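Q: Encoded as structure tokens, here's the structure I'll be asking about.
The values are calculated or read from the model by the stated rules, or taken from the named source; none is laboratory data. No experiment lies behind these values; they were computed from the predicted model shown. We place every Cβ from the backbone using ideal geometry, glycine too, and count neighbours over all the protein chains shown. Calculation scope for accessible area: heavy atoms of the full protein, side chains included, ligands and nucleic acids excluded. Shrake-Rupley method; radii C 1.70, N 1.55, O 1.52, S 1.80 Å.
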Amino acid sequence: MITTRVAELLKTAGNGQAVEVRGWVRTRRGNKQVAFIAVNDGSIIHNIQVVADMEKFSEDSIKKVTTGACISVKGKLVPSQGQGQSVEIQADEIHVLGEADETFPLQKKGHSMEFLREIAHLRPRTNTFGAVFRIRHHMAFAVHKYFNDRGFYYLHTPIITGSDAEGAGEMFQVTTLDLHNLPKNPDGSINHKEDFFGKATNLTVSGQLEGELGAMALGLIYTFGPTFRAENSNTPRHLAEFWMIEPEMAFYDIKDNMDLAEDFLKYLVRYALDTCKDDLEFLNSMYDKGLIARLQSVVDQPFERLTYTKAVELLETCGQKFEFPVSWGTDLQKEHENYLVEHFKRPVILTDYPMTIKAFYMKQNDDGKTVRAMDILFPWIGEIIGGSQREERYEKLIQRVRDMKIPEHEISWYIDTRKFGTCEHAGFGLGFERLILFITGMTNIRDVIPFPRTPKNAEF
Ligand code: 4AD
Ligand code: MG
């Protein structure tokens with residue numbers, strides 16, 4: 001039988017009606033006369049209080065109602081006598097569905113995030129991770145809603161691919177070859193013809209290239225799927241497996257691209273403020289008293305837009321000592337990005353980066369040095385979005401492919417779009433976990449995805 005969820009019960013007026021809930025015990029306290037049991041079923045951050053009159057229950061039957069146990073309760077919903085909740089359940093029957101003994105690791109006390117990461121199979125049962133994963137769900141839903149409402153089509157791009165979209169060479173290989181007995185070509189190289197796909201394949205680092213093919217037919221598309229990067233970055237902002245949202249738009253230039261990205265981010269933050277109030281208030285009170293104000297400020301202000309060249313000038317002349325020196329042509333480091341965001345006190349969109357530090361597919365500017373890239377930098381997070389207008393001119397693109405020594409035959413299908421009905425287009429990628437980091441105020445990206453994959457860590 002499906003029972004009422006706590007989120008529903010807490011919205012209901014208690015007038016003695018019969019109800020039944022099932023959930024997990026957070027705490028049990030009380031005395032010889034009465035037991036108070038806080039039950040959470042994950043539907044909402046709040047618990048429902050179950051009051052057990054000990055005249056009706058034997059001490060033995062209540063003994064197993066321990067922190068972590070799963071119980072079902074039948075009783076009456078009544079106005080609460082105590083503080084902190086409007087209704088509570090006066091229990092008639094309590095059944096322990098699944099016991100949890102004293103070795104259950106989440107006994108009532110504060111746990112460090114590091115410890116909770118080690119028990120990622122149980123941490124969703126804490127208030128914090130319940131809040132984070134509910135917010136994560138609402139954000140995923142909001143992504144689909146945003147694009148669907150604007151006529152974008154959700155395109156499922158492949159997870160296994162033969163290409164390296166970003167050209168960074170940080171790919172996990174996919175193979176069914178026996179690693180202990182690899183088939184070799186006469187020259188000693190591995191014979192991938194014998195592999196499952198008859199060629200070398202890897203997990204995708206981005207759905208963009210295939211996304212562009214979709215945009216050249218459906219006009220406006222987006223992808224939303226897992227992406228994989230074997231970069232050895234042990235930072236609080238990098239995962240080896242993360243989710244990315246990549247819209248791709250025919251007939252958009254870089255300005256249209258920036259406008260969409262800014263509107264999209266503001267929509268998502270506003271959606272969180274409107275939809276995830278209870279969870280955000282909890283996180284705000286527990287971890288980060290500035291969280292809600294910071295979210296609000298992103299919604300309220302226009303993002304600052306400036307070129308990479310202007311940003312570098314500013315960094316060079318600001319008088320700040322940086323650990324990594326900055327000069328035109330170098331990739332910006334975290335500290336530089338932080339400085340810019342703090343300087344303007346708002347998100348910053350940087351455009352027109354040096355061609356040499358960006359991917360091959362970006363549209364070249366007439367200066368011969370820069371490309372129409374755009375990165376969006378957020379407070380604390382740094383880069384949250386990376387995107388660009390795409391090089392739609394066949395000659396320019398093929399030249400770049402050759403200069404960068406990208407195997408042409410591997411992406412001939414991509415280059416084909418520039419031969420058959422090419423047009424101006426643009427797109428970007430939003431790192432979903434970086435968004436969730438920003439929205440929740442968590443400080444480590446490992447704490448906003450249920451089961452993080454990072455170097456030397458693929459537990460669960
Ligand atoms: O800047 P990136 O590498 O851009 C692309 O992949 C483009 N193909 C996107 C496009 O134009 N369609 O990655 C996009 C975003 C970054 O801004 C960041 O938010 C996130 O993906 N990201 C990561 N998030 C977590 N862990 C990692 N290792 C990440 N690498 C990138
Ligand atoms: Mg990037």
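Q: Given Cα pairs under 8 Å that are at least 6 residues apart, what percent is the relative contact order of the chain?
A: 13
Q: Please get the size of the charge dipole for the chain, origin at its Cα centre, with Cβ charges of +1 on Lys and Arg and -1 on Asp and Glu, quoted in debye to the nearest 20.
A: For the chain, the charge dipole is close to 1000 debye.
Q: What is the sum of charges, Lys and Arg at +1 and Asp and Glu at -1, for the other residues whose Cβ falls under 15 Å from the Cβ of Lys76?
A: Neighbourhood net charge equals -3.
Q: Once amide H atoms are placed 1.01 Å from N in the peptide plane, what residues at a sequence separation of 5 or more from Phe172, or on another chain, have their amide H within under 5 Å of its amide H?
A: For Phe172, the qualifying residues are Leu203, Ala230.
Q: Right, something else. Find the accessible area per residue for segment 281-381; the probe is 1.4 Å, ligands and nucleic acids are left out, and the unit is Å².
A: Using a 1.4 Å probe on heavy atoms only, each residue of segment 281-381 averages 49 Å².
Q: Lys/Arg Cβ at +1, Asp/Glu Cβ at -1, dipole of segment 277-397 taken about the Cα centre: which of Pro302, Val348, Gln389 is farthest positive-ward?
A: Gln389
Q: Simple spin-label model, 7 Å along Cα-to-Cβ: Lys32 to Glu408 in nm?
A: The answer from the label model is 9.2 nm.
Q: Using 0.36 nm per residue of separation minus the Cα-Cα distance, give me the extension gain between Lys321 and Lys345 in nm, one decimal.
A: Stretched fully, the Lys321-Lys345 segment lengthens by 6.7 nm.
Q: Same structure again: Hey, what's segment 187-277 come to in accessible area per residue, 1.4 Å probe, Å²?
A: 40
Q: Further, regarding this structure: Would segment 1-147 count as rounded, prolate or oblate if I go by the C-alpha gyration tensor, calling it rounded below 1.5 in a/c and otherwise prolate when a/b exceeds b/c, oblate otherwise?
A: Because a/c hits 1.5 or more and a/b fails to exceed b/c, segment 1-147 counts as oblate.
Q: If you stretched the chain out fully between Asp149 and Gln399, how much longer would it get, using 0.36 nm times the residue separation minus the C-alpha to C-alpha distance?
A: 86.1 nm
Q: So what's the back-of-envelope 222 nm ellipticity for the chain, counting only DSSP H runs of four-plus at -39500 (n - 2.57) apiece and dividing by all residues, rounded to 500?
A: -9000 deg cm²/dmol, from helical runs alone.
Q: How much net charge surrounds His343 when only other residues with a Cβ under 11 Å from its Cβ are counted (Lys, Arg +1; Asp, Glu -1)?
A: Surrounding charge for His343 is -1.
Q: Could you give each residue of segment 295-301 its phi-based ³J(HN,Hα) in whole Hz, using Karplus coefficients 6.51, -1.76, 1.60 with θ = phi - 60°, and x for Gly or Pro?
A: 4, 4, 5, 5, 6, 7, 10
Q: Name the trypsin sites (Lys or Arg not before Pro) in segment 1-51 that are in a loop by DSSP and that have at most 11 other C-beta atoms within 10 Å, would you?
A: For trypsin sites (Lys or Arg not before Pro) across segment 1-51 that sit outside H, G, I, E and B with at most 11 neighbouring Cβ atoms in 10 Å, the list reads Lys11, Lys32.
Q: Moving to a separate point now. If we count every other residue with Cβ under 10 angstrom of Thr309's Cβ, Lys/Arg +1 and Asp/Glu -1, where does the sum land?
A: With Lys, Arg at +1 and Asp, Glu at -1, the neighbours total -1.
Q: Tell me, what % of the accessible area of segment 89-159 is carbon and sulfur with a 1.4 angstrom probe?
A: 53
Q: Please give every one of the lysines within straight-line cross-link reach of Lys289, meaning a C-alpha to C-alpha distance under 17 Å, and leave out same-chain neighbours fewer than 8 residues apart.
A: Of all the lysines, those that pass the test against Lys289 - Cα under 17 Å, at least 8 places apart if same chain - are Lys277.
Q: Only loop residues by DSSP count here, and only those with at most 11 other Cβ atoms within 10 Å; note down the GluC sites (Glu not before Pro) in segment 225-333 that meet that.
A: Of the GluC sites (Glu not before Pro), the ones in loops of segment 225-333 whose Cβ has at most 11 other Cβ atoms within 10 Å are Glu323.
Q: Amide H neighbours of Thr307 under 5 Å, at least 5 residues apart or on other chains, H built in the peptide plane: list them.
A: HN-HN under 5 Å from Thr307: Thr351.
Q: Another question, if that's okay. Kindly state, to the nearest 0.05, the FRET efficiency for Glu281 paired with His121, given R0 = 25 Å and r defined as their beta-carbon distance.
A: 0.35
Q: Please compute the length gained on full extension between Lys419 and Trp380, using 0.36 nm multiplied by the number of residues separating them and subtracting their Cα-Cα distance.
A: Fully extending the segment from Lys419 to Trp380 adds 9.8 nm.
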